[in-house]
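The values are calculated or read from the model by the stated rules, or taken from the named source; none is laboratory data. Computed from a predicted structure; not experimentally measured. Quick reminder, even Gly has a Cβ in these numbers, built from the backbone with ideal geometry, and neighbours come from all protein chains shown. To get the accessible areas, we keep the full protein, side chains included, count just its heavy atoms, and leave off ligands, DNA and RNA. Shrake-Rupley method; radii C 1.70, N 1.55, O 1.52, S 1.80 Å.
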Amino acid sequence: MKVVKFGGSSLASAQQFQKVGKIITDDSDRRIVIVSAPGKRYDDDIKMTDLLISLAKSVTEETYNPRSLQLVMDRYEEIISELNLDKSLVETIRDGLIDLIEEYQQDEDRLMDALKASGENNNAKVMAAYLSSLGMEASYVSPKEAGMVVTNEPGNARILPEAYEKIASLRDREGILVIPGFFGYSKQGHIVTFPRGGSDITGSIIAAGVEADEYENFTDVDSIYSVNPNLVNNPREIKELTYREMRELAYSGFSVFHDEALQPVVSKGVPVCVKNTNHPEAPGTRIVGSRTVNGYPVVGIASDKGFCSINITKYLMNREVGFGRHLLEILEDEHISYEHTPSGIDNMSVIVRENQLENGNEEKILQRIRNELLVDDVQVEKDLAMVMVVGEGMAKTVGIASKATTALMEAGINIKMINQGSSEVSMMFGVDADQVDQAVTSLYHAFF
Ligand SMILES: Nc1ncnc2c1ncn2[C@@H]1O[C@H](COP(=O)(O)OP(=O)(O)O)[C@@H](O)[C@H]1O
Ligand SMILES: N[C@@H](CC(=O)OP(=O)(O)O)C(=O)O
């Protein structure tokens, strides 16, 4: 049995639905289908999820007018009418959205989650109707019925371990099951969404729960490439990746697969295959537990912006028992998660996502560091980007760091920090955000 996830780009129009219908018909193992909300039809189109976010904001900010709802409805109306599906589905979707707005209008966070989730929820209903119209035995299964029990934090759901028992029973159901991605239900009965891009996470959880033979993730590229294809023309296609390589690359900017979607499949050893809805004959990229390293020690180079570094200096820091713990405790108190902590004898840096220091908490944190840790200096360095060089073959290859730093030097890029984890599957370089694309391109050409 295969669990198959279709991303927003695969479901952006009636024409895309038809490609999906064919893909499902072509392989009888494709029994559980996870859908995203309709994505972009062209470059400056707006994703359904973003239309729904605007709709939710308009209700909370009391600027709501029926036009914002109609923008959402236009997308479904177009798909439903071009697929010749029963028009009553349009009214069911509209009534459902109006009910959600009425039910949650006093609760900003829950309204946002309920409307965001409706993008995938309604699309799953349309997909089930479409597959049935093709003569398949297909049914819509809500995440509640599927057993997707999650934590209760709006926009940041995590699956609860007990969910897996109920999910496993989906194996015994007849026909094709169409499940909306991107959200689950908390024990308190609320709709809770995963972070953006989270339909990949739903697919992975369901694939692990039913112990699928494969989790196929359909998107709009033939494979995962060694570098973001928007930065380099014709980049190298990756045939096979390990879970940990993918986790590092996804975390660092390969948006094609969500980094939080690795853990569930890893736990059950379900292989993932990333494939193209527009070209399903292409073999795609397989993500598996282990692979033979052939030729290239590095498999991919990824980058992400939006970081800053809290740089702390204190003479004899190395002798001070508990310094690091106390520093991280301050961040914990202020609800800040950190990404990396490169350190020296008398200095330590903590890299955090810049958006966490918004809303005036930056000065408060710096004051606490000064007062409680009596540091010599503390500064925040902003507009940083992280570049990650990843590959299972790196650990056994001499000279990776030298090759990377030479490439960056030749491109005139100032390296702000270097970090290599103990697994040696990745090496990270901190650079100025405005030099990051150049850094990635020069590293790509050095390694491939
Ligand atoms: N290394 C990479 N390989 C392939 N695609 C990548 C990579 N890095 C970023 N991408 C981008 O990811 C996109 C697919 O992800 P996404 O837009 O989330 O698709 P979907 O709509 O299927 O969920 C590609 O179109 C491409 O622009
Ligand atoms: N629709 C949601 C969830 C998702 O996974 O979408 P996509 O498959 O288009 O990345 C979002 O835009 O975040």
Accessible area of the chain divided out per residue, in Å², using a probe of 1.4 angstrom: 45 Å²
From the Cα centre of the range 193-268 to that of the range 1-49, the distance in Å is 16 Å
Sticking with the crude label model, points 7 Å out along Cα→Cβ, report the distance from residue 230 to residue 25 in nm, one decimal please. 3.4 nm
Peptide ranges 381-393, 192-204, 30-42 listed from the most packed, as the mean C-beta count within 10 angstrom indicates: 192-204, 30-42, 381-393
Using the per-residue mean of other Cβ atoms lying within 10 Å as a proxy for protection, in what order, highest first, do the peptides 69-75, 170-176 fall? 69-75, 170-176
Let's test the formula: R0 of 35 Å, r as the Cβ-Cβ distance of residue 267 and residue 358. What FRET efficiency results, to the nearest 0.05? 0.50
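What length, rounded to one decimal in nm, is gained on full extension from residue 102 through to residue 379, with 0.36 nm per residue of separation minus their alpha-carbon distance?
Once the chain is fully extended between residue 102 and residue 379, it gains 95.0 nm.
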So, in nm, how far is label residue 15 from label residue 406 when the simple model puts each one 7 Å beyond its Cα toward the Cβ? 4.8 nm
Once all protein chains are kept in place, residue 222 shows an accessible area at probe 1.4 Å, nearest 10 Å², of 40 Å²
GNM, the chain, Cα, under 10 Å: largest mean-square fluctuation among 89, 357, 11? 357
Can you bin the range 1-101 into rounded, prolate or oblate? Criterion: square roots of the alpha carbon gyration tensor eigenvalues sorted a ≥ b ≥ c, rounded for a/c under 1.5, prolate for a/b above b/c, oblate for the rest. prolate
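Antiparallel DSSP bridges in the chain: what percent, to the nearest 5? Numbers along the way, then the final one.
Working: 39 of 66 bridges.
That works out to approximately 60 percent antiparallel.
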Spin-label model distance (nm) - residue 77 vs residue 434, 7 Å beyond Cα toward Cβ: 4.6 nm
Global form of the range 2-288, assessed from the alpha-carbon gyration tensor, a/c cut-off 1.5: rounded
Does the range 300-447 classify as rounded, prolate or oblate by the C-alpha gyration tensor (a ≥ b ≥ c root eigenvalues; a/c under 1.5 gives rounded; else a/b over b/c gives prolate, otherwise oblate)? prolate
Candidates 297, 342, 66: whichever shows maximal mean-square fluctuation once the chain is modelled as a Gaussian network with Cα springs under 10 Å: 66
Would you tally the net charge around residue 383, using a Cβ to Cβ cut-off of less than 9 Å, leaving residue 383 out, and scoring K and R as +1, D and E as -1? -2
If I stretch the segment between residue 291 and residue 40 completely, what's the gain in nm (0.36 nm per residue apart, minus their alpha carbon distance), one decimal? 86.9 nm
Return the carbon/sulfur percentage of the accessible area of the chain, one whole number, probe 1.4 Å, all protein chains in place. 45 percent
In the range 55-128, GluC sites (Glu not before Pro) in a DSSP loop with at most 16 other beta-carbon atoms within 10 Å: 61, 62
Rounded to the nearest 0.05, FRET efficiency between residue 414 and residue 448 (Cβ-Cβ, R0 30 Å) equals 0.80
Let me have the 222 nm mean residue ellipticity of the chain computed from DSSP H runs of 4+ only, each contributing -39500 (n - 2.57), with the sum over all residues rounded to the nearest 500. -12000 deg cm²/dmol
Efficiency by 1/(1 + (r/R0)^6): what FRET value for residue 174 and residue 63, r their Cβ-Cβ distance, R0 = 51 Å, to the nearest 0.05? 0.65
